[in-house]
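Values in this text are rule-based calculations from the coordinates and carry no lab data. Source: prediction; values computed, not measured. Quick reminder, even Gly has a Cβ in these numbers, built from the backbone with ideal geometry, and neighbours come from all protein chains shown.
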Amino acid sequence: MAKLQEQSGPIRLVPVQINADLDRRYYGGFCNDTIWPLFHYFSSLTNFVEDTFEAYHQANRQFAQRLESILEPDDWIWIHDYQLMLLPDMIRTLFPDANIGFFLHIPFPSFELFRLMPRPWRQSLLRGMLGSDVIGFHTFDYAQYFLRAVSRSLGVETTPTSTLVEGRITRVEPFPLGIDYRRFQDALHSPSVMAERENLQKILGGKKLIFSVDRLDYTKGLLERLLGFEYFLEAYPEWHQKIVFNMVVIPSREIVARYQDMKKEIEATVGRINGKFGSLVWRPLVYEYRSLAFAEMVALYAASEVGLITPIRDGMNLVAKEYLACQGYPLGVLILSEMAGASAELSEAILVNPTDKKEVAAAIAKALSMPEEERKTALMHMQNRLKRYDVYSWAQDFFETMKQVRREYRIRRVRLLSEPVKNEIVNQYMRASRRIFFLDYDGTLVPFSRQPETALPARPLLDQLNRLAAIAGNILVIISGRRKEFLDRCFPKINLVLVAEHGAFIRWPGSEWVSEVDTDPAWKQSVMPILQRYTDRCNGAFIEDKVQSLVWHYRNAESEVGQLRSQELKDELRELFSRDSILQVIAGEKIIEVKKSGYNKGTVATKLLASMEYEFLLAIGDDTTDEDLFHALPPKALTLKVGTSPSLARFNLMNQQEVVLLLERLATTEK
């Protein structure tokens with residue numbers, strides 16, 4: 001430990017002492033025999049042993065206890081990887097206002113794989129990670145799989161980039177890990193690397209070098225890679241004696257029987273390939289089971305004309321990025337598994353399915369014969385990308401997101417409307433001569449109903465609105481997702497501005513309805529069958545067909561089934577629309593709504609305010625769609641969110657009844 005502390009320079013290292021027995025069950029057991037294989041899609045190799053999960057919990061608790069003794073206010077805590085997935089929530093319990101980030105360096109599996117884990121375990125892992133302000137993954141897919149697991153396992157509402165648990169927002173984003181690009185570029189010209197390259201050139205004797213380096217692990221696709229290379233030698237004999245494949249395997253977990261067997265099988269396969277195709281003057285495959293010094297590795301990257309990186313599953317794979325950073329002359333070509341997280345960024349590489357030996361062989365042949373201009377173009381695009389988003393940019397991006405989330409949390413944190421604030425609202429109202437009200441309908445003016453058509457305004461509410469609307473200088477805007485016909489029926493004789501379907505239609509007092517958006521309903525033809533399928537599978541659900549949107553209601557469904565089907569529907573719709581900005585999915589109170597994008601309550605409010613003068617502005621809403629309204633209004637506006645969930649609104653009202661009481665107080669205030 002003292003030597004490590006010396007090497008770390010100004011960084012303070014604090015050890016967490018874990019005894020050998022606990023470490024065997026925690027790290028050797030739950031981490032490496034449960035999480036690692038399951039998250040890499042090797043379910044048949046996954047062990048589910050109760051004792052190992054208890055050890056995992058105990059080890060995470062030791063980290064939390066150690067941190068409790070050293071953390072100070074305003075510290076930033078960045079937790080890394082699958083060994084500490086419970087730690088964020090443990091720290092959050094000890095320090096509710098702590099700044100916590102978590103980054104997972106391995107894949108997060110699809111829900112079908114993740115659900116193989118016993119329910120209490122997977123729920124604990126998810127809740128543990130959700131103690132963070134920001135959770136980072138290498139790719140968009142991993143982030144979406146995590147959010148889907150949260151919604152399916154915990155029944156928590158999610159958006160495409162966040163989730164809300166116990167009044168606190170957790171942002172879930174992809175942050176593809178970069179490398180220290182400059183370090184590799186600078187190393188190319190160091191004397192040690194140049195000496196290694198000169199030695200390699202002598203050994204190769206003009207042959208082209210294919211290179212790979214991996215840790216010994218079943219996720220790396222080492223045997224499949226060898227079979228692909230063997231097929232290349234069979235199918236492309238013209239390359240015999242012109243190439244050498246140097247496969248370096250770095251020792252790992254040598255005491256584990258499964259890894260010992262894998263090593264033996266690799267060595268047997270190497271021997272068979274060399275025996276089958278080699279000769280006295282040519283050995284096609286050079287296998288090395290050892291670690292590489294930095295200078296030696298950079299020299300091998302730089303000298304190889306093909307980088308063969310084909311894991312079966314990999315969270316990112318930085319070897320692929322390091323290989324690209326070391327390319328100068330000759331210009332190398334990267335062959336990369338489509339199962340590696342890096343493939344999402346490195347689309348100019350030759351992407352292959354690592355289990356398809358014919359595809360791997362064809363990729364090797366293509367890489368070896370690729371024209372120099374094509375190599376140069378692909379390499380330039382990938383190197384520029386790696387240079388811009390290196391490991392330092394990655395860390396900065398993560399922390400900037402944490403800062404943004406913390407700012408948003410401070411803005412959104414619940415501030416219940418106190419009696420002094422209510423008095424101040426009344427005073428501001430009385431002092432003003434021109435006043436505007438933006439009022440949501442469902443959940444704000446009226447309580448929710450099992451049948452939307454029966455959620456009608458009560459006579460006392462109509463009287464209050466009538467009194468307010470009749471006062472000189474008052475403008476009342478009912479801004480709702482409801483259809484225009486329904487609003488006409490609810491407010492037939494009151495001097496109100498009505499906004500229907502989230503801003504698609506507006507009606508001024510004494511005027512006809514005006515459409516604010518394109519009314520072409522052609523998009524519904526592709527969406528309606530999907531909604532109908534989920535309606536058929538969820539007893540009690542029904543579809544509401546509005547002019548500008550389709551709404552799937554599940555308030556009348558059995559709670560657990562409705563929650564499950566709504567999450568599945570959201571996932572399917574968002575995946576369908578992920579590359580189509582024309583349509584938008586809105587998750588409201590027991591509804592899923594699909595409408596055209598480009599307009600919302602915020603945009604219509606902005607348009608209305610541009611034509612009005614006012615000194616007092618009050619907006620009240622309860623739903624996610626009302627957040628658009630709160631966001632669009634000027635800072636001086638009095639914005640109120642119904643309910644205790646965090647919001648962009650300045651204050652929260654406990655329930656819908658408080659809305660009615662506040663309006664009654666304003667309506668009866670003497671001007």
- Query: Hey, what D do you get for the stretch 524-596 in µm²/s if you plug the Kirkwood alpha-carbon radius into Stokes-Einstein at 37 °C and 0.692 mPa s?
  - Reply: 272
- Task: Could you run the Karplus curve 6.51 cos²θ - 1.76 cosθ + 1.60 with θ = phi - 60° over the stretch 463-473 and give me ³J(HN,Hα) per residue in whole Hz, x for Gly and Pro?
- Result: 5, 4, 5, 5, 5, 4, 5, 7, 6, 4, x
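Can you give the helix-only mean residue ellipticity at 222 nm for the chain, where every DSSP H stretch with n ≥ 4 adds -39500 (n - 2.57) and the sum goes over all residues, rounded to the nearest 500 deg cm²/dmol? Show your work: numbers first, answer last.
Numbers: 25 runs with 292 residues, N = 671.
My calculation for the chain gives -13500 deg cm²/dmol from helical runs alone.
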- Message: Projecting each Cα onto the charge dipole of the chain (Lys/Arg +1, Asp/Glu -1 at the beta carbon, about the Cα centre), which of Met430, Ile135, Leu487 comes out farthest on the positive side?
- Response: Met430
- Message: What lysines does Lys276 reach when the alpha-carbon gap must be under 17 Å and sequence neighbours fewer than 8 apart in one chain are set aside?
- Response: Lys242
- Item | Binned Cα-Cα distance frequencies in the stretch 236-352 - 10 Å width, integer % | 12, 35, 41, 12, 0
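With charges only on Cβ, +1 for K and R and -1 for D and E, what is the dipole size of the chain about its Cα centre, in debye, rounded to 20? Intermediate values should be presented prior to the final figure.
Working: 82 positive and 86 negative charges, 97 e Å.
With Lys and Arg at +1 and Asp and Glu at -1, about 460 debye.
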- Task: Determine, from the Cβ-Cβ distance of His57 and Gln201 and an R0 of 35 Å, the FRET efficiency 1/(1 + (r/R0)^6), rounded to the nearest 0.05.
- Result: 0.05
- Message: Could you tell me the extents of the stretch 19-174's C-alpha atoms along the three principal axes, largest first, rounded to whole Å?
- Response: 43, 39, 24
- Message: With unit charges on the beta carbons (Lys and Arg positive, Asp and Glu negative) and the dipole taken about the Cα centre of the chain, which residue among Pro109, Pro237, Ala500 sits farthest to the positive side?
- Response: Ala500
- Residues of the stretch 202-228 with amide N under 16 Å of a point placed 7 Å along Cα→Cβ from Val281: 204-208
- For the Cα atoms of the chain, what angle does the longest principal axis make with the long axis of helix 656-667, in degrees from 0 to 90, nearest 10? 40
- Message: Give me the extension gain from Glu575 to Ser526: residue separation times 0.36 nm, minus the current Cα-Cα distance, reported in nm with one decimal.
- Response: 16.3 nm
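When DSSP beta bridges are limited to those with both residues in the chain, what percentage is antiparallel, rounded to the nearest 5? It would help to have the intermediate numbers written out before the result.
Values: 26 of 83 bridges.
Approximately 30 percent, going by the DSSP bridge assignments.
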- When all alpha-carbon pairs of the stretch 181-388 are counted, what percent fall beyond 24 Å? 38
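I'm checking a number: the convex hull volume of the Cα atoms of the stretch 189-295, normalised per residue, in Å³. What is it?
On the way: hull volume 11.9 nm³, N = 107.
Taking the convex hull of the Cα positions in the stretch 189-295, it is 111 Å³ per residue.
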- Query: Put a dot 7 Å past each Cα toward the Cβ at Glu419 and Ala472; how far apart are the dots in nm?
  - Reply: 3.4
- Task: Evaluate the distance, in nm, between pseudo-label points positioned 7 Å from the Cα of His240 and of Asn495 along their respective Cα→Cβ axes.
- Result: 9.8
- Item | Candidate lysines - alpha carbon under 20 Å from Lys641, same-chain residues fewer than 8 apart omitted | Lys422, Lys590, Lys601
- Message: Along each principal axis of its Cα atoms, how long is the chain end to end? Whole angstroms, biggest number first, please.
- Response: 104, 58, 48
- Item | On Cα atoms only, tilt of 524-536 relative to the major axis of the chain in degrees | 90
- Item | Exceeding the 19 Å Cα-Cα cut-off - candidates Lys403/Lys570; Lys263/Lys321; Lys220/Lys264; Lys366/Lys387 | Lys403/Lys570; Lys263/Lys321; Lys366/Lys387
- Would you list, by chain and number, the aspartates and glutamates whose Cα falls below 15 Å from the Cα of Lys607, excluding same-chain residues fewer than 8 positions away? Glu516, Asp628
- Tell me, what is the FRET efficiency for Tyr259 and Ser393 to the nearest 0.05, using R0 = 22 angstrom and their Cβ-Cβ distance as r? 0.05
- What distance in nm separates the simple spin-label points at Leu71 and Phe140, each placed 7 Å from Cα in the Cβ direction? 3.4
- Message: If each residue of separation counts as 0.36 nm, what is the full-extension length gain between Leu154 and Thr93 once their alpha-carbon separation is subtracted?
- Response: 20.1 nm
- Query: Treating the beta-carbon of each Lys and Arg as +1 and of each Asp and Glu as -1, no other charges, what is the dipole magnitude of the stretch 181-388 about its Cα centre, to the nearest 20 debye?
  - Reply: 240
- Starting from the Cα of Ser369, step 7 Å toward the Cβ, then list every residue of the stretch 320-337 with an amide N under 20 Å from that point. 331-336
- Helix 372-388 sits off the longest principal axis of the Cα atoms of the chain, rounded to the nearest 10 on a 0 to 90 degree scale, by 50
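What's the FRET efficiency of Met380 with Ser645 using the Cβ-Cβ distance as r and R₀ = 60 Å, to the nearest 0.05? Please list the in-between numbers first.
Numbers: r = 48 Å, r/R0 = 0.80.
It comes to 0.80.
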- What relative contact order, as a whole-number percentage, does the chain give when Cα pairs under 8 Å and 6 or more residues apart are counted? 10
